[in-house]
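K.L.:
I am attaching a structure below and will ask some questions about it afterwards.
The values are calculated or read from the model by the stated rules, or taken from the named source; none is laboratory data. Computed from a prediction, not measured in an experiment: that's the story for all the values here. Cβ coordinates were reconstructed from backbone atoms using ideal geometry, including for glycine residues, and neighbour counts include every protein chain displayed. For accessibility, only protein heavy atoms count, side chains too; no ligands or nucleic acids. Shrake-Rupley method; radii C 1.70, N 1.55, O 1.52, S 1.80 Å.
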Amino acid sequence: MLMPHEARLQAGPGRELRGLVDGLLLVDLGDPEPYWNRLVAIEWPDNPAAFERSMDAAITVFATLGRLPHVWPYPTHNQPPDLVNRLWRAGFEVMGSDRMMVLDDPAPAARLAIAPLPSGVTVERLHRLTPASLAAAPAIATVLAEAFSVDDDRRSSIELETLGSLEGPALHVVLVRLDGEPAAVAKRSTLDGISYLSSIGTRPSFRRRGLGALVTAVATADAAADGSRWTWLKVDVDNPPAQRLYEDLGFARVPRSEEHTSELQSLAYLVCRLLLE
């Protein structure tokens, strides 16, 4: 259920989500960035020859679109179960790995979301293109650019991406300020009773003050208030502090399948793309 959810949320103006026989393909018609062009919810046959044909067909689709072959397998729900290792052996390169976490206990986030705010801290909830959202867009871009070490020349694209997403009904943005300065951000995208939290970040100069926990708790509590049956996020497997923060807020790691024993397949999410020589 969750596998195609993020891709569905990101389909919109300039992006298409195409249903294939054996997967879902997100395509950005104007931006070749692999993140916006990927194959998810993959169901390829187990038979080696048939698997090779499905993989070759997917690579051909990417080539036709002028995009790098980019696949997002989920080790606990792959078809076939050893999809990750097959892609690896075929020449795909692991580009990153995240762990999926799902809200298991809403109480901790709810408590923090309604607790009195520390001195100087304010919380803004932004939805749709309103005067408040337009005014806050540069502040949101500043937080995300610094939190994720994005080059300054990409800051304007973050702002435009945020404004473009706010044109639709799904996106909600929580912006926390400290003494008027933008400090932390979390995005919540809600669709069909499921909320996905993303772009959770705090500017380096404002860290270790609990603002990352606060902005996540507010977004999580708001998702519950909107009637979400599921609230989920992804966190880098190499970021244990963030994983502990989310666990403290009531999130639980999606357990890995007992079928997967290799260290590579123990990751809850892998980004792969074809290694081009």
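K.L.:
Is there a residue in the stretch 59-69 that is open to solvent by less than 20 Å² (accessible area, probe 1.4 Å), modelled with pLDDT of 95 or more, outside any loop (DSSP other than H, G, I, E, B) and farther than 30 Å from ALA225 by Cα?
P.N.:
yes
K.L.:
Of all the residues that make up the stretch 153-181, how many are in contact (Cβ under 8 Å) with a residue 40 or more places away in the chain, in a helix (DSSP H, G or I) and more than 18 Å from the chain's Cα centre (by Cα)?
P.N.:
Number of matching residues: 0.
K.L.:
What number of residues within the stretch 11-34 satisfy the criterion of being outside any strand (DSSP E or B), exposed (fewer than 14 other Cβ atoms within 10 Å of the Cβ) and of a type outside the set (Asp, Glu)?
P.N.:
6
K.L.:
Mind checking which residues of the stretch 137-152 are free of Cβ contacts under 8 Å to residues at least 40 places away in the same chain and open to solvent by less than 80 Å² (accessible area, probe 1.4 Å)?
P.N.:
ALA137, PRO138, ALA141, ALA145, VAL150, listed by residue number.
K.L.:
Scan the stretch 153-169 for residues that are open to solvent by 40 Å² or more (accessible area, probe 1.4 Å) and under 16 Å from HIS127 (Cα atoms) and jot them down.
P.N.:
Across the stretch 153-169, the qualifying residues are GLU159, LEU160, GLU161, SER165, GLU167, PRO169.
K.L.:
Test ALA113 against the criterion of being within 18 Å of the chain's Cα centre (by Cα) and buried (at least 17 other Cβ atoms within 10 Å of the Cβ), and give yes or no.
P.N.:
So ALA113 fails the test.
K.L.:
Also: Taking VAL61, is it more than 23 Å from the chain's Cα centre (by Cα) and not polar (S, T, N, Q)?
P.N.:
Yes; evaluated as a whole, the condition is true for this residue.
K.L.:
Pick out the one residue from LEU117, LEU134, LEU112 that is of a type in the set (A, V, I, L, M), in contact with a helix residue (DSSP H, G or I) (Cβ under 9 Å, 6 or more places away or on another chain) and not in a helix (DSSP H, G or I).
P.N.:
On inspection, the qualifying residue turns out to be LEU117.
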